[in-house]
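The structure appears right after this line, and notes come after that.
The values are calculated or read from the model by the stated rules, or taken from the named source; none is laboratory data. Remember, predicted model here, so these are calculated numbers, not experimental data. Cβ sites come from the backbone with ideal geometry, for glycine too, and all protein chains shown count toward neighbours. SASA here: full protein model, heavy atoms, side chains in, ligands and nucleic acids out. Shrake-Rupley method; radii C 1.70, N 1.55, O 1.52, S 1.80 Å.
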Amino acid sequence: MEQKRFNQDLTSIIHNLPNKPGIYQYYDKNQKIIYIGKAKNLKKRVSSYFTKNHDSYKLKILVRNIFDIKHIVLENESDALLLENNLIKKYQPKYNVQLKDDKSFPWICIKNENFPRIYLTRNLVDDGSDYYGPYTSAKMVRELINLTKQIFKIRTCAYQLSPQNIRAKKFKKCLEYHIGNCYAPCEELQSEVEYNESINNIKDILKGNINQVIFYLKDHMQELASSFRYEEAQIVKDKIDLLEKYRSKSTIVNPSIHDLEVYSIASDEKYGFVNYFKIINGAIMQAHTIEVSKKLDETDDEVLELAIFEIRNKLKSITREILLPSEVNFEIPGVKISIPKIGDKNKLVQLSLRNAKYSLIDKHKQDSEIKRSKEESKIKVLDQIQKDLQTTKLPVHIECFDNSNLQGSNPVAACVVFKNGKPSNKDYRHYNIKTVVGANDFASMEEVVFRRYRRLIDEGEDIPQVIVIDGGKGQLSSAYKSIKTLGLENDVTIIGIAKKLEEIFFPGDNIPLYLDKNSPTLKTIQHIRNEAHRFGITFHRDKRSKNFQKSELELIAGIGEKTIQLLYKHFKGYDNIKTASPEELVKLIGQKKTDLLIGYFSSEKQGLK
């Protein structure tokens, strides 16, 4: 009834959605956002979730859990993408892709001060300083800063080199001057004009205009050589050589290719890796790969669009040309999207694609290594269990039994199954006690163990190597009777675990086994025992609650067992019976019994019962 009511509400919501761009939010029954999406046409996009037969199991699960829909209308799809991205970061919905990239990217700061310093920072301050970046690698930033300092001898001290302080001779040359890393502007051994020429050259390098700096230095070298200042000319030549080496290392295509970005994607059913290059004058100035965890079998277009927007937003990109490996179904306002098939631009795309594929391959290797490590760890634990319990076979299949009752009411039992060291939930079983009257744990255990393994034998199913009984010698002895009756005593190892001291008992042995509290064997047995207890107590609580409610109706004079069964069959629960309308009740059980029910519920509500 509740699901039907919500679906009716959803139909009304969808019917009233506008045919405009915006974002939509799906909520579950607890009013928690489980998915956020964007759309060119809200009504058309949201309707598609409920009118199509989805092949994806994950998508079916999402739709099944939608209990409410909210939306926000926006001017265009670009605004929708921005808001969608921000809301996904804020709420991290269960069914949205997750961009695994929370880095704070580094910048190069040229400080707004006399004789500016150059340093790496992750914090931008609005003080008039120049910031270059952001860069996707702190290593690259350090290499650039070291290169510029090596060539231009920029100061590293934090002195306030105002003209007044320098004239007042407040500062002394430091070690950096004596080892040749600074020209000591603090003692007027370098003019501010000369220092700022170096800063301007550094700015050109950071902008990617390396050729312009090399031309400037070559002209300066020729001037020095013409004046027979050969030693100084050699120093400049060394600087040119450093820049040439840096340029040759970073230039991978035609230097005439200016300001553009390259994106590519490699993906499988679980992950997507989007690679990014920033190209200036044929050189890769920035490179980055972002990992995306898929949730709903998203297409490469969907993942690529989200990742491109995230990277451009984070790097504050204003580049107006993007290269991609294939056609896409989205546009970026003001940006030209090209798919080069030949030439140097195609080489860039192929290089980016290789990097994305390498990242995906590395992820598979990592997953395989983690899986192998876990499997090896499980095997070690199973080996230790076999050694401690002296089983003849490796205990890859372990089962545990637990009884539950409260003052003799509603006795039930639970069996949990662990395979290869982890829970096999589909094999868990609940049991109602059939042959035992009252609270008799020993007899209940004997019954349940017999029923369990009688059935496995009859159906030709595998018998576990180890059976764990939650209880001491009494419960273990009862369970062992059934094992012997079935002729399994030589095929399985059966133990009991007494909770008070965590003692391990074996059939016919009065002396328990004590395992170290940090023993992997004891921890595994405790885990299995606790899981059996949890599983059993939940079943017992549900059953007790249902029986209590049924017994409540039995207290009403004039309401018999057949009427109670009819009510439960029709209304599916005690709460639904209590909230049913008089008309529904009269139609089902007649006026007289309806009056009895309503009178009873009324007195219960008023506390008169």
Amide H to amide H, which residues 5 or more places from Glu503 or on other chains are under 5 Å from it, using H placed in the peptide plane?
-> Ala498
Where the accessible area of the range 1-124 is counted over protein heavy atoms with a 1.4 Å probe, how much of it, in %, is carbon and sulfur?
-> 47
Compute, for Lys58, the solvent-accessible surface of its heavy atoms (probe 1.4 Å) with the complete set of protein chains present, and express it in square angstrom to the nearest 10.
-> 80
For Asp301 and Gln31, calculate 0.36 nm times their separation in residues minus their Cα-Cα distance, and state this gained length in nm to one decimal.
-> 94.2 nm
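For the range 120-170, what D do you get in µm² per second when you plug the Kirkwood radius from alpha-carbon pairs into Stokes-Einstein at 25 °C and 0.890 mPa s? Could the numbers behind the result be given before it?
Numbers: Rh = 13.5 Å.
Here the translational diffusion coefficient equals 182 µm²/s.
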In Å², nearest 10: area of Ser602 left accessible to a 1.4 Å probe | 50
Please determine, in degrees from 0 to 90 and to the nearest 10, the orientation of helix 473-485 with respect to the longest principal axis defined by the Cα atoms of the chain, where the helix direction is its Cα long axis.
-> 80
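What accessible area per residue comes out for the chain, rounded to a whole number of Å², with a 1.4 Å probe?
On the way: 33780 Å² over 609 residues.
In whole numbers, the chain has 55 Å² accessible per residue.
Of Lys278, Lys295, which has the most accessible area with a 1.4 Å probe, and how do the rest follow in descending order? Numbers along the way, then the final one.
On the way: Lys278 30, Lys295 60 Å².
So the residues, ranked largest to smallest area, are Lys295, Lys278.
By accessible area of protein heavy atoms, probe 1.4 Å, what ranking do Arg142, Arg122 get, highest first?
Details: Arg142 135, Arg122 110 Å².
Descending accessible area places them as Arg142, Arg122.
Run the accessible area of the range 275-378 with a 1.4 Å probe and give the carbon-and-sulfur part as a rounded percent.
On the way: 2690 of 5320 Å².
Whole-percent figure for carbon plus sulfur exposure: 51.
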Nearest-0.05 FRET efficiency for Asn181 and Thr51, computed from C-beta distance (R0 60 Å) = 0.30
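Could you order Val328, Val586, Val416 so the one with the most accessible surface comes first? Probe is 1.4 Å.
Values: Val328 30, Val586 50, Val416 0 Å².
Order by accessible area, largest first: Val586, Val328, Val416.
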Once the in-chain neighbours fewer than 8 apart are removed, the aspartates and glutamates whose Cα is under 12 Å from Lys29 read Glu2, Asp68
Kindly provide log₁₀ I(q)/I(0) values, in the same order as q = 0.12 Å⁻¹, from the Debye equation applied to equal alpha-carbon scatterers of the range 233-381.
-> -0.60
Here P(r) for the chain, Cα-Cα distances in 20 Å bins, as whole percents, is 14, 27, 29, 20, 9, 1, 0
Considering only Gly334, Ser519, Ile457, whose Cα is most displaced toward the positive end of the charge dipole of the chain, charges sitting on Cβ of Lys, Arg (+1) and Asp, Glu (-1)?
-> Ile457
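To two decimal places, what compactness ratio does the range 299-423 give when its Cα radius of gyration is scaled by 2.2 N^0.38 Å?
2.00
May I ask you to derive the relative contact order of the chain, considering only C-alpha pairs under 8 Å and at least 6 residues apart, and to give it as an integer percent?
Numbers: 909 pairs, mean separation 45.2, N = 609.
Dividing the mean separation by the residue count of the chain yields 7 percent.
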Which pairs, out of Lys111/Lys218; Lys38/Lys94; Lys294/Lys371; Lys32/Lys572; Lys60/Lys371, put more than 24 Å between their alpha-carbon atoms?
-> Lys111/Lys218; Lys32/Lys572; Lys60/Lys371
Folded to 0 to 90 degrees: helix 520-554 orientation relative to the chain principal axis, Cα = 50
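Gain in length, Ser368 to Asp219, computed as 0.36 nm per residue apart minus the alpha-carbon separation, to one decimal in nm?
Details: separation 149, 0.36 × 149 = 53.64 nm, distance 5.71 nm.
Result for the pair: 47.9 nm of gain on full extension.
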